[in-house]
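Student: Quick one: this structure, given as structure tokens, is what I'll be asking you about.
Just so it is clear, none of the values below were taken in a lab; they were calculated from the coordinates. What you are looking at is a predicted structure, and each value in this text was computed from that prediction instead of being measured. So basically every Cβ, Gly included, is an ideal-geometry build from the backbone, and we count neighbours across all protein chains shown.
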């Protein structure tokens, strides 16, 4: 019996080519979208799954209140890990890492000790031995328990070991970082590469043993530079343990604050500061507002993308239901005859469900093929390296089970609807084309276009926000600024390099500083006070940057009060320039000529000689922070303002100067505007994903609308013929056939607009600087949807309007 149902189903598919194409094509697109998003979600949810003992492994988070705002952050004092391990018996292991460029982590030049050629590498970090075990990093060579115990030891990843030491063991080999031969690093371990789905990733792990960045640094409780992780002993309650950690603040932090004269700060911090433990499983997707300087996913978008995939599949199911019920009159005679000759309703339901299952199986098979073909494009779109799971067990069961589930769910209503026709009415030609069926189809069309319009509006808002960010006035000029990295390896020749560069006719100016208003450059947070008021007032938080005389001019910043640094004034070596925000936070109405103090300068007073206009140096998700600039040495990056359109020629001239000073070191450069854009790669990526799925949703909805309009035209063919005989024009017939669909699109736009507004307002709340969602976005989305609907329907409508009425009325 089933074989007979299958033959009938196949025959029906072949005879109704266009409708079969719409059903199968829409389903295949929906399945492909679901598969791609499922692979994306699976990869996101697997972040940090390789960390052992996840139920008792945590990152330490400090929470403080600043200017009424609760600020959680992960940078801890050097001594936190040691104190937690020694003072609390509940702790099994505690370890730290430090990846700040301020202390030589991040990007560096490195070479073998027996080679002269340096290689630029980016992923350096200082690390405690315990952290290797806490993170579950697998040691391929070397001692798993003691690889980082000795001073100057270095653990590298397998890929870097193969790169620097092909066909030989790396263990015991010596590496030189930044040409500093006085501090050789001995390789004591080779680990597996960090998994791609790990919340951090490094290639060079430098030991913390014996490392002191400045005198007293390891016992300084006023500086926070380390990210600290712990593993609790089995059976320890997280929340009870958290409540004990406040003793750290009282025992270690408060005495140093009070001793430094920060009595007001001490009182405020003791009242407000607390420690929390963040489960490692939450770091990547559920990080919230915790400041850690790392890249993150967002669990909200995981659910959102899952919902989008489900909606696209639902749109395809709606096409199936719409077309099946719309074509009911064409199959009514078949149902009537089958019932007359004794077919049971259950048999008819089985037959129609078999058709649905066949369509579902073919669609899902094609969907798998389509997903595989689109995977490279999707990887580019999402910045992933997803692979199709041919070797895993689940694709075949999913193919079978999803075919059954989707086929049955999508086919149930049409099966019961079609099998419910009464033979006597059908055979008498009295089949009533009820209003209920038309209403249902209209409702489903509205749902389809509502979903599509929501995606269209969301895409426009995201792209407009990205455009706003990339074209906003940020307070400096990032165009035509070339950044030469790794210049600290030139040693004393950095100043020579800068001076020679400035002599080039293609160069306007140049500055040496690692502190730049883009991502992945140095930062140095500090507390500031008005001079002499450390005991009277709470500190103001801000950045303390080391620059040179040419910094402000090279980057096109604007001095709004006072003056720039001058080489003619020796006193400027102890002077500072602050931004408007720091002046405001410190309560300085006329800051020029006044003095401030900060933690870095051990309380020495600094004269303010100028105020620079506020500029954005972090993401526009955040408010502009207070900033103080002083003169000093920070020689890892030279920023060069190019003054010619011949950028390629300028780079060649700059490279010649570089090669004359560092013949064994390749020059590495980027452009500031490109680095700025990278700060918003995640937003761009989100916009691209939204636009891609908006297009898919529109395609699926349009396919259904195309087939539905063809059916409508077929149903009204004789009416159209009569109207033409009575003198109706092609335009009036076209309007007649498209009017109802345009009303449905209008209703969809009205429903979609407030939903899209709510979703995008929630998303925009992440940005301190954001656009307003203006009426033109809704109007454009509605007009675009209406245009797509008209173009979709017009082919069938115009085709019907141009048919000779004699052909349509000859049977009358």
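Student: How much length is gained on full extension from residue 186 to residue 674, taking 0.36 nm per residue of separation minus their Cα-Cα distance?
Tutor: 172.1 nm
Student: For labels at residue 595 and residue 388 in the simple 7 Å Cα→Cβ model, what's the distance in nm?
Tutor: 7.3
Student: Most exposed first by the Cβ proxy, i.e. fewest other Cβ within 10 Å, how do 374, 39 rank?
Tutor: Ranked by crowding around the Cβ, least crowded first: 374, 39.
Student: Right, here's the next one. Give me the mean projected area, in nm² to one decimal, of the convex hull enclosing the Cα positions of the chain.
Tutor: Convex hull of Cα atoms, orientation-averaged projection: 44.6 nm².
Student: Same structure again: Which FRET efficiency value, to the nearest 0.05, do you get for residue 558 and residue 224 by plugging their Cβ-Cβ distance into 1/(1 + (r/R0)^6) with R0 = 30 Å?
Tutor: 0.40
Student: Between residue 212 and residue 479, with labels modelled 7 Å along Cα→Cβ, what's the label distance in nm to one decimal, could you check?
Tutor: 5.1
Student: Go ahead and collect, in residue order, the members of the stretch 598-625 whose backbone nitrogen is under 20 Å from a label point 7 Å along the Cα-Cβ direction of residue 272.
Tutor: 598-600, 622-625
Student: Using a simple spin-label model with points 7 Å from Cα along the Cα→Cβ vector, what separation in nm is obtained for residue 396 and residue 90?
Tutor: Distance between the two pseudo-spin positions: 4.9 nm.
Student: Here's another thing I want to ask about it. Can you tell me the orientation of helix 263-272 relative to the chain, as the angle in degrees between its alpha-carbon axis and the longest Cα principal axis, to the nearest 10?
Tutor: Compared with the principal axis, the helix lies near 30 degrees.
Student: Using only Cα atoms and rounding to the nearest 10 degrees, what angle (0 to 90) does helix 345-382 make with the longest principal axis of the chain?
Tutor: 30
Student: While we're looking at this one, here's another question. For the stretch 62-282, just list the percent of Cα-Cα distances falling in each 5 Å bin from zero outward, please.
Tutor: Per 5 Å bin, starting at 0, the Cα pair percentages come out as 1, 6, 13, 18, 17, 15, 11, 8, 6, 3, 1, 0, 0.
Student: By count of other Cβ within 10 Å, fewest leading, how are 85, 724 ordered?
Tutor: The most exposed by this proxy come first: 85, 724.
Student: Hey, quick one: spin label on residue 236, modelled 7 Å out along Cα-Cβ, who in the stretch 262-279 has an amide N within reach, i.e. under 16 Å?
Tutor: 275-279, by backbone N distance to the label point.
Student: For the chain, what is the calculated [θ] at 222 nm in deg cm²/dmol (nearest 500), taking -39500 (n - 2.57) for each run of four or more DSSP H residues and dividing by its residue count?
Tutor: Helices in the chain give a 222 nm mean residue ellipticity of -16000 deg cm²/dmol.
Student: Normalised by the residues of the stretch 62-282, what does the relative contact order come to in percent, with Cα pairs under 8 Å and at least six apart? Before the final figure, lay out each step's value.
Tutor: Working: 394 pairs, mean separation 62.7, N = 221.
Once divided by the residue count of the stretch 62-282, the mean separation gives 28 percent.
Student: A follow-up question, please. Measure nothing but the geometry: give the 0 to 90° angle between the long axis through the Cα atoms of 435-471 and the longest principal axis through the Cα atoms of the chain, rounded to 10°.
Tutor: Rounded to the nearest ten degrees, it is 20.
Student: Taking 0.36 nm per residue of sequence separation and subtracting the Cα-Cα distance, how much length would be gained by fully extending the chain between residue 380 and residue 795, in nm to one decimal?
Tutor: 145.9 nm
Student: Based only on other Cβ atoms within 10 Å, what is the fewest-to-most ordering of 537, 127, 254?
Tutor: On the way: 537 14, 127 24, 254 19.
By the 10 Å Cβ count, ascending, the order reads 537, 254, 127.
Student: Distance from a point 7 Å along Cα→Cβ of residue 144 to each backbone N in the stretch 174-217: keep the residues under 18 Å and list them by number.
Tutor: Once the point is set 7 Å along Cα→Cβ of residue 144, 188-195 turn out to lie under 18 Å by backbone N, inside the stretch 174-217.
Student: For residue 659 and residue 499, what does the FRET efficiency come to when R0 = 25 Å and r is the distance between their Cβ atoms, rounded to the nearest 0.05? List each step's numbers first, then the result.
Tutor: On the way: r = 16 Å, r/R0 = 0.66.
Once rounded, the FRET efficiency stands at 0.90.
Student: Right, another one. Which length gain, in nm to one decimal place, applies between residue 681 and residue 732 when the Cα-Cα distance is subtracted from 0.36 nm times their residue separation?
Tutor: So the extension gain works out to 13.4 nm.
Student: Given a Förster radius of 22 Å and the C-beta distance between residue 49 and residue 303 as r, what FRET efficiency does 1/(1 + (r/R0)^6) yield to the nearest 0.05?
Tutor: 0.70
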